[in-house]
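What follows is a single structure, written as structure tokens, with notes after it.
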Amino acid sequence: MKDTALLILGAGSSSRMGEPKLLLDVNGSPLIQVLIKQLRSDQYDMYLVTGAYREEIQPCIVDLNCEEIYNPSWESGMGSSISTGIKKIVHKGGYSSVVIIAADQIMVKSNHINDIIKIWIRHPRCIVSAQYGKVRGIPALFPANFFENLIELSGDVGARKLISQNKERAIFYNLEEAHCDVDTVEEYKLFIKGIFHENN
């Protein structure tokens, strides 16, 4: 077991996309499979929270060394998925930190997560959060002293609120790649074409 767990949030219904975005084709493979492969590292264990499309996603992660965590309350929002994932990670025991990332942050790779972990090693009681544009959010690392706070999240309240509430205990890591996610058909088309732009 590693010291850090990587928690990938992939339980949503992809309502804005109109189809399961984690199954979208990326160079002949499902998006979630591509993400997991490029996030593989010997620095952390990987977990994927599933929900709406659990049965469809399960075959895509076989033999990828990424453990599934099912969130039966996925409809209640991201906070519920984070809480469910952290409970499982705490139950496993032995982790000193967790990095949370959305399953459609397709431009984030293992070297970015490793950089976040390196910062945390130097500041072991601090949150280490990505910063992109004016946004401070996931991927973000939370030390074990924040696990209970993460478990208490519910509804649509995600990790960003916890980061905002603890700015004085957070370190921010510039990661423009985190800005790219895939929520709509238009964003998917832009991603496939390799075109990314600010939507703020």
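The values are calculated or read from the model by the stated rules, or taken from the named source; none is laboratory data. Owing to the predicted nature of the structure, the values given are computational and were not obtained by experimental measurement. Heads up, the Cβs are rebuilt from the backbone with ideal geometry, glycines too, and the neighbour counts pull from every protein chain shown.
Some notes on this structure:
- Restricting region 1-43 to residues that are modelled with pLDDT under 95 and of a type in the set (S, T, N, Q), the residue that is farthest from Phe146 (Cα to Cα): Asn27
- Residues (under 24 Å from Arg16 (Cβ atoms) and surrounded by 15 or more Cβ atoms within 10 Å (Cβ to Cβ)) located in region 156-171: Val157, Gly158, Ala159, Arg160, Ile163
- Here the condition is being surrounded by fewer than 19 Cβ atoms within 10 Å (Cβ to Cβ) and touching a Leu at 6+ places or on another chain (Cβ under 7 Å); of Asn174, Asn149, it holds for Asn149 alone.
Condition check ((1) over 23 Å from Ser29 (Cα atoms); (2) in contact with a helix residue (DSSP H, G or I) (Cβ under 7 Å, 6 or more places away or on another chain); (3) surrounded by fewer than 21 Cβ atoms within 10 Å (Cβ to Cβ); (4) among the small types (Gly, Ala, Ser)) across all residues:
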residue	(1), (2), (3), (4)
Gly77	yes, no, yes, yes
Ile89	yes, no, no, no
Gly93	yes, no, yes, yes
Gln105	no, yes, no, no
Ser110	no, yes, yes, yes
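- Enumeration of residues in region 15-42 that are of a type in the set (Lys, Arg) and in a loop (DSSP other than H, G, I, E, B): Arg16, Arg40
- In region 45-69, residue farthest from Trp120 (Cα to Cα) [restricted to those that are part of a strand (DSSP E or B) and touching a helix residue (DSSP H, G or I) at 6+ places or on another chain (Cβ under 7 Å)]: Thr50
- Subset of region 15-26 that is buried (at least 16 other Cβ atoms within 10 Å of the Cβ) and in contact (Cβ under 8 Å) with a residue 60 or more places away in the chain - its residue that is nearest to Arg125 (Cα to Cα): Leu22
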